Every structure is written in structure tokens, then in C-alpha cells.
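Taking it in order: structure first as C-alpha cells, then the write-up.
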Amino acid sequence: MAGLASAPLESLGVEMEPIQLVAPDGTPTTSDAATRYRRDLPPETLAWLYESMVLTRDLDGEFVNLQRQGELALFASCRGQEAAQIGAAACLRKTDWLFPQYREIGAFLLRGITPAQIGAVWRGKWHGGLGFTEKCVAPIAIPIGTQSLHAVGAAMAAQRLGEDSVTVAFVGDGATSTGDVHEALNFAAVYRAPCVFVVQNNQWAISVPVRRQMAGPSIAHRATGYGMPGIRVDGNDVLACFAVTEQAAQRAREGGGPTLVEAITYRMGPHTTSDDPSRYRSHEEVGQWAARDPITRYRTYLQSIGVWSDRLEERVRTKSQRLRAELREAIVGAEDFDVTEMFDAVYHDITPDLVAQREQLSAELAKEV
Ligand SMILES: Cc1ncc(C[n+]2csc(CCOP(=O)(O)OP(=O)(O)O)c2C)c(N)n1
Ligand SMILES: [Mg+2]
């Protein structure tokens with residue numbers, strides 16, 4: 001029998017202490033848990049992780065600026081969550097499918113989805129989301145938790161096709177309270193689907209703190225009930241996120257089944273540009289997390305091992321400027337596509353209902369000019 005009955009019980013104990021390889025002050029940790037994971041990535045990989053986090057932070061800021069300037073309808077910043085996203089996505093193969101929620105800008109960039117393509121989503125253009133699947137990334141999921149079921153379905157399909165790919169479902173802490181995520185976790189465990197659930201516990205689901213999402217000790221502890229390992233990791237430590245997700249993906253690839261990774265991090269900005277977090281959380285709390293910034297910590301670590309250099313910083317800054325310019329160029333004042341084209345991409349053969357809707361829309365648009 002698959003699933004819980006065959007899950008080795010000793011693998012289901014969940015440690016409360018998050019896995020951490022680099023401490024907030026940038027020094028390498030020496031705990032027993034840390035010895036189970038590798039920190040010794042090649043220098044070029046270490047530099048790439050740094051570059052990816054800085055580019056994500058900078059572009060994220062540019063997206064916020066563009067929204068404030070009226071160029072985007074809305075934006076959900078990932079400021080503070082760069083390590084969790086980059087670490088989890090960077091350890092995978094480019095053919096492993098990602099199923100994002102909506103805040104995974106770092107993972108999108110890492111996969112080569114362009115700033116313009118991400119911008120089209122938040123500008124609310126009909127073609128927002130095109131270009132994602134070509135990079136094995138599902139379109140963003142605004143209905144909370146739904147992507148987790150898609151991730152498990154895709155993992156089960158890969159399993160049946162005999163492929164050794166894995167899928168990663170990015171889920172928020174709040175999303176773990178939904179029925180969809182419960183069903184996804186249970187299905188994944190019972191069918192030993194090659195799926196890794198990366199929960200970015202950023203402490204908040206809009207204005208609801210994580211302590212009000214659950215009565216158990218942690219999100220990772222829920223995994224035990226499903227019959228899969230649950231691992232808590234410092235979500236502001238990119239190397240720990242990389243190592244933990246890499247191990248979980250390897251386990252899934254080898255037929256060991258799913259893992260629930262809880263990356264403990266913090267949403268430094270508002271929920272979206274429509275939110276005012278000062279109404280429900282304190283400056284002190286934000287300040288405490290600012291001191292655990294994932295980029296500052298990682299830079300200090302790279303400096304201590306001689307990987308960071310002025311040249312690296314310059315290269316990253318130049319790339320950042322280029323990407324931000326590219327984003328602005330694609331977004332500011334961009335012409336809208338012919339909106340009636342959106343009906344073409346729904347079905348292979350358009351249905352009579354959609355033909356009628358297209359005609360109705362065309363008639364309404366004609367009245368506007
Ligand atoms: C099914 C569903 N219910 C409610 C909402 C409204 N909603 C949007 S974001 C959000 C909170 C999600 O929090 P979390 O999963 O922690 O993700 P985060 O925004 O913190 O990254 C809610 C309830 C929604 N989009 N979909
Ligand atoms: Mg959250």
C-alpha cells in the first residue's frame with residue numbers, strides 16, 4: 001500500500017528549530033542540523049544566488065514605483081522573501097514545473113521570465129501570463145491554494161509518464177488554511193507524488209497573523225498527519241532554502257514522495273499596493289525582521305569567504321539598471337493589445353458563447369471611440 005502505511009515513521013518527526021546555514025550576522029552556523037546539508041556550492045553558483053536576490057529586490061522596487069505612478073493596476077511585492085524564493089527555485093532543473101501563488105517574482109526571474117512579461121500580469125493586460133508555461137512555470141494563481149492541486153496533478157502525470165521531474169507548489173501560510181491545500185497535501189502523500197510544497201510563511205495573510213491560522217506548533221508539523229516529512233527552514237537564509245529544497249526534490253525524484261518545507265520569512269512590504277499594513281502591525285515587528293534581511297546577511301557571508309567583490313557588485317548593479325530600464329520601457333505608456341484577441345487563446349476551437357461575447361465586446365468598444 002502506498003502512502004502513510006509505507007512512510008518510515010522516524011522521518012516524520014518535525015524539528016521546531018529551523019534549518020539555518022548562515023546566521024543573521026553572516027557567520028556560518030555550526031549546529032548538528034546544519035551538518036546534514038551542504039553549504040559548499042561552487043563560487044559561481046554562490047555569486048549567481050546573490051545576483052538573483054539583488055535583481056529581484058531592485059525590480060520589485062521598480063514594480064512598486066510603476067504602480068504608484070499609475071502604470072500598473074496592482075502589485076504584490078516579495079521584498080524580504082528573496083532568499084526563500086531564489087533558494088527554492090535555484091536548486092531545481094529548468095524542466096521541473098513551478099506552480100506559484102502570485103508573489104514569486106524571484107522565481108520568475110530565475111526562470112528567465114522577462115520583467116515585461118511579469119509586468120503584463122500586473123498591468124492587467126489580457127495577455128498577462130503568456131510566456132510563463134514555456135519556462136515550466138504555471139500562471140500565477142490569485143484564487144488562494146488552487147495551484148497546489150495543479151502541482152500535485154502535474155507531479156502525478158510525470159510519475160505516470162515515468163519522468164524523473166518534480167513539481168514545486170509555492171504556497172503562502174494563509175493558503176495552508178484552505179481546503180484545496182489540504183486535499184493537495186493528502187493526495188500527494190497517498191500517491192507519493194514527486195511534489196515539494198514550499199510554504200513561504202511570511203507571518204501574514206493580508207492582516208491575519210500566522211498564529212491565528214493554526215492551533216498546532218507550526219505549519220511543517222501538519223505534514224506528519226499526511227505522512228510526509230515536514231521541514232522548517234530559515235526562509236531568510238538562501239543557502240539553507242537551497243539545500244533543504246534540493247534534498248526534498250531529490251527525494252521526490254527518487255520516488256520517495258512529497259515534502260512540506262516551511263520557509264520562515266517576512267513580508268516586508270504591504271500585502272499588495274492596495275494595503276496599509278500600519279493598521280495591523282507594529283514598526284517594532286518590521287524593524288526586527290529588517291535586521292534579518294536575507295541580502296545583507298548573504299553579502300556578509302560571501303565577503304567572509306572571499307566570493308563577494310567590488311566587481312561582482314558592479315556587475316549586479318549594471319544588470320539591475322538594465323533590467324529596470326527594460327521594465328519601464330515595456331510598461332510606461334504601453335499600447336494595449338487588441339483586447340478582443342483574448343478570446344482566441346481560450347479554446348482551440350472557439351465556442352458559440354465566446355463568439356457572442358467577442359461580438360458584444362467589439363460592439364461596446366466601437367461605441368467608446
Ligand atoms: C480562495 C480565495 N480566498 C480569499 C482570497 C483573498 N485573499 C487574497 S490574498 C489572501 C491571503 C493569502 O495569504 P498567504 O497565503 O499567506 O500569502 P501571502 O499573500 O502572504 O504571500 C487572501 C485571503 C483569494 N484570493 N482567494
Ligand atoms: Mg502569508
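The values are calculated or read from the model by the stated rules, or taken from the named source; none is laboratory data. No experiment lies behind these values; they were computed from the predicted model shown. Reconstructed Cβ throughout: ideal geometry from the backbone, glycine too, with neighbour counts over all protein chains shown. Remember, those area values only see protein heavy atoms, side chains included, never the ligands or the DNA or RNA. Shrake-Rupley method; radii C 1.70, N 1.55, O 1.52, S 1.80 Å.
The figures follow:
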read-out	value
Segment Gln69-Ala330, extension gain: residue separation times 0.36 nm, minus the distance between their alpha carbons	92.5 nm
Pairwise label distance in nanometres, Thr95 with Trp289, each label 7 Å out on the Cα-Cβ vector	3.8
Selection from Ala47, Phe99, Phe242, by position along the positive dipole direction of the stretch 3-337 (Cβ)	Phe99
With every protein chain in place, the chain: carbon and sulfur % of accessible area (1.4 Å)	53
Integer Hz, Karplus 6.51/-1.76/1.60 couplings in order for the stretch 126-141, x for Gly and Pro	4, 8, x, x, 5, x, 6, 5, 4, 9, 6, 10, 6, x, 4, 10
Cβ crowding within 10 Å averaged over residues, with 42-51, 294-303 ranked highest first	294-303, 42-51
Dipole of the chain [Lys/Arg +1, Asp/Glu -1 at C-beta], most positive-end residue of Met342, Trp204, Gly216	Gly216
Residue-normalised accessible area of the stretch 136-195, expressed per residue, 1.4 Å probe, Å²	37
Test item: Cα-centred dipole of the stretch 3-337, Lys/Arg +1 and Asp/Glu -1 on Cβ, debye	160
Dipole magnitude of the stretch 261-369, debye to nearest 20 (Cβ charges: Lys/Arg +1, Asp/Glu -1, about Cα centre)	1060
Heavy-atom SASA rank of Val181, Val346 (probe 1.4 Å, accessible area, largest first)	Val346, Val181
Estimated [θ] at 222 nm from DSSP helical runs (n ≥ 4, -39500 (n - 2.57)) normalised by residues in the chain, nearest 500	-13500 deg cm²/dmol
Choice from Ala158, Ala83, Ala345 with maximal GNM fluctuation in the chain (Cα, 10 Å cutoff)	Ala345
Alpha-carbon centroids, the stretch 185-211 and the stretch 82-149: separation in whole Å	17
13 Å cut-off, amide nitrogen to a point 7 angstrom out along Glu163 Cα→Cβ, residues in the stretch 96-131	96-99
Added length on full extension, which subtracts the Cα-Cα distance from 0.36 nm per residue, Arg322 to Thr45	97.6 nm
Length released on extending from Ser31 to Val208, taking residue separation times 0.36 nm less the Cα-Cα span	60.4 nm
Rg/Rg_globular for the chain, with Rg_globular taken as 2.2 N^0.38 Å and Rg from C-alpha atoms	1.01
From phi via Karplus (6.51, -1.76, 1.60), per-residue ³J(HN,Hα) for the stretch 44-57 in Hz, x at Gly/Pro	5, 6, 4, 5, 4, 5, 5, 4, 4, 5, 5, 4, 4, 4
The stretch 288-293 - phi-based ³J(HN,Hα) in whole Hz, Karplus 6.51/-1.76/1.60, Gly and Pro as x	4, 6, 4, 5, 9, 3
Ranked order, His271, His150, His283, His348 - accessible area, probe 1.4 Å, largest first	His348, His283, His150, His271
